[in-house]
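Read the structure below first, then the notes.
The values are calculated or read from the model by the stated rules, or taken from the named source; none is laboratory data. All figures in this text were calculated on a predicted structure; none of them were measured in a lab. With ideal geometry, Cβ positions are generated from the backbone for all residues, glycine too; neighbour counts draw on all protein chains shown. Accessible surface areas use protein heavy atoms only, side chains included; no ligands, DNA or RNA. Shrake-Rupley method; radii C 1.70, N 1.55, O 1.52, S 1.80 Å.
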Amino acid sequence: MTLPVVADRTVVMGIVNVTEDSFSDGGRWLDPDTAVAHALELVRLGADIIDVGAESTRPGATRVPADVEEQRIRPVIRALSAEGIATSVDTMRASTARAAAEEGVRLINDVSGGLADPQMYHAMAETGLPVCLMHWRTEAFVNASGAADHGGDVVRDVRETLLRLAGAAEEAGVARELITVDPGLGFAKTAADNWALLGALDELCAGEFPVLVGASRKRFLTEVRAARGLEHSPLDADAATAAVTALAARAGAWCVRVHDVASSRDAADVAAAWKKHSRG
Ligand code: PMM
């Protein structure tokens, strides 16, 4: 299997959370048929790949049992694979990653960077699938609340930690060209941490591994409107998300993971056209 890429454009990953409690769309796509229909609509609007997750990491969330996670994920990935649609599985469990691989998934997206389950790197290697390793400095891998100590330099911490995680994955047998990384915006990070990471995205994207950016509807983006006294629910943050997509694309991000695919695909296309026509 090869890494999902689109020539000259940032890949747009559409989110389908088959969960009860994700922070912006919890419960809406819990029924497999509804989840599949939503995914098909995201593809129509321009998604290149659909990220299917069954476990929320919102503040206050608790872990979903492994069997429930697997039961939620299997029918959705199976149906999308049958339609020829590329999927990724958002999971911290090796067993769920293996189940998703059986259903034809094209990428394993682990927000724990392979640390939550000691079997994960082996599962990644065995499936031969591309992987995304996300930075999340935490002890428990339960929910993303709180702010971790990043040693006074969050960019350095993220860069060094991701290289270490990638090294561990490689050691377990994951091919280097199948490894992608993610700074983990909003995962035990303050708004200032998130902005510092976005401000350093050029630098992060110039590193050895393709970079995925997951800013969609996160709290630090809702704060842009809150600062002006406007409505600022997660759903109000899609324009800010699309702005991040355009800038992330410009910085060289491989992929953006978003809820509102239409606006981010527009942004990715604009960034691609801009780059194509830029002089020098
Ligand atoms: N964020 C969430 C879930 N999965 N995966 C990656 N690779 N990067 C992210 O930033 C990320 C993720 C939380 O957002 P959601 O609850 O809306 O899916």
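When GLY186 is tested against (1) out of contact with any Pro (no Cβ under 6 Å at 6 or more places or on another chain); (2) at pLDDT below 95, exactly one condition is not met: (2). Just so you know, in segment 159-177 the residues that are away from the ligand (no atom under 12 Å from the Cβ), assigned to a helix (DSSP H, G or I) and open to solvent by less than 20 Å² (accessible area, probe 1.4 Å) include one that is nearest to VAL211 (Cα to Cα), and it is ALA166. Please go through segment 82-105 and give me each residue that is open to solvent by 40 Å² or more (accessible area, probe 1.4 Å) and not in a loop (DSSP other than H, G, I, E, B), ordered by number. Listed by number, the residues that qualify are ALA82, SER95, ARG98, GLU102. Only one entry in ARG265, ARG228 is among the basic types (Lys, Arg) and touching a strand residue (DSSP E or B) at 6+ places or on another chain (Cβ under 8 Å), namely ARG265. Checking each residue in segment 106-127 for being assigned to a loop (DSSP other than H, G, I, E, B), touching an Asp or Glu at 6+ places or on another chain (Cβ under 8 Å) and surrounded by 23 or more Cβ atoms within 10 Å (Cβ to Cβ) picks out only VAL111. When residues in segment 2-27 are screened for being within 11 Å of the ligand (Cβ to nearest atom), of a type in the set (A, V, I, L, M, F, W, C) and assigned to a loop (DSSP other than H, G, I, E, B), 2 of them pass. Just so you know, in segment 199-225 the residues that are open to solvent by less than 10 Å² (accessible area, probe 1.4 Å) and part of a loop (DSSP other than H, G, I, E, B) include one that is nearest to LEU178 (Cα to Cα), and it is GLY214. In segment 178-198, the condition of being within 15 Å of the ligand (Cβ to nearest atom), of a type in the set (D, E, K, R) and open to solvent by 40 Å² or more (accessible area, probe 1.4 Å) is met by no residue.
Just one residue in the set VAL244, VAL261, VAL256, VAL224 is more than 16 Å from VAL155 (Cα to Cα) and either of a type in the set (Ser, Thr, Tyr) or touching a Ser or Thr at 6+ places or on another chain (Cβ under 6 Å) (or both); that residue is VAL256. Would you say GLY186 is under 26 Å from ASP269 (Cβ atoms) and not in a helix (DSSP H, G or I)? So GLY186 fits the description; yes. Tallying residues that are more than 17 Å from ASP25 (Cβ to Cβ) and in contact (Cβ under 8 Å) with a residue 24 or more places away in the chain within segment 200-234 yields 16.
With respect to the stated conditions, ARG217 is in contact with a His (Cβ under 7 Å, 6 or more places away or on another chain) and under 19 Å from VAL12 (Cβ atoms).
For segment 28-58, a residue qualifies if it is open to solvent by 40 Å² or more (accessible area, probe 1.4 Å), under 30 Å from SER145 (Cβ atoms) and either assigned to a loop (DSSP other than H, G, I, E, B) or within 14 Å of the ligand (Cβ to nearest atom) (or both), and the qualifying residues are ARG28, LEU30, ASP31, ARG58.
Scanning segment 128-158 for residues that are open to solvent by 40 Å² or more (accessible area, probe 1.4 Å), in contact with a helix residue (DSSP H, G or I) (Cβ under 9 Å, 6 or more places away or on another chain) and touching a residue at least 24 places away in the same chain (Cβ under 8 Å) yields ARG137, ALA147. Here segment 59-68 is the region considered, the condition is being more than 11 Å from the ligand (Cβ to nearest atom) and open to solvent by 70 Å² or more (accessible area, probe 1.4 Å), and the residue that is modelled with the lowest pLDDT is THR62.
Is it the case that segment 235-245 has a residue that's outside any helix (DSSP H, G or I), touching a residue at least 60 places away in the same chain (Cβ under 8 Å) and either surrounded by 23 or more Cβ atoms within 10 Å (Cβ to Cβ) or within 16 Å of the ligand (Cβ to nearest atom) (or both)? For segment 235-245, residues outside any helix (DSSP H, G or I), touching a residue at least 60 places away in the same chain (Cβ under 8 Å) and either surrounded by 23 or more Cβ atoms within 10 Å (Cβ to Cβ) or within 16 Å of the ligand (Cβ to nearest atom) (or both): absent.
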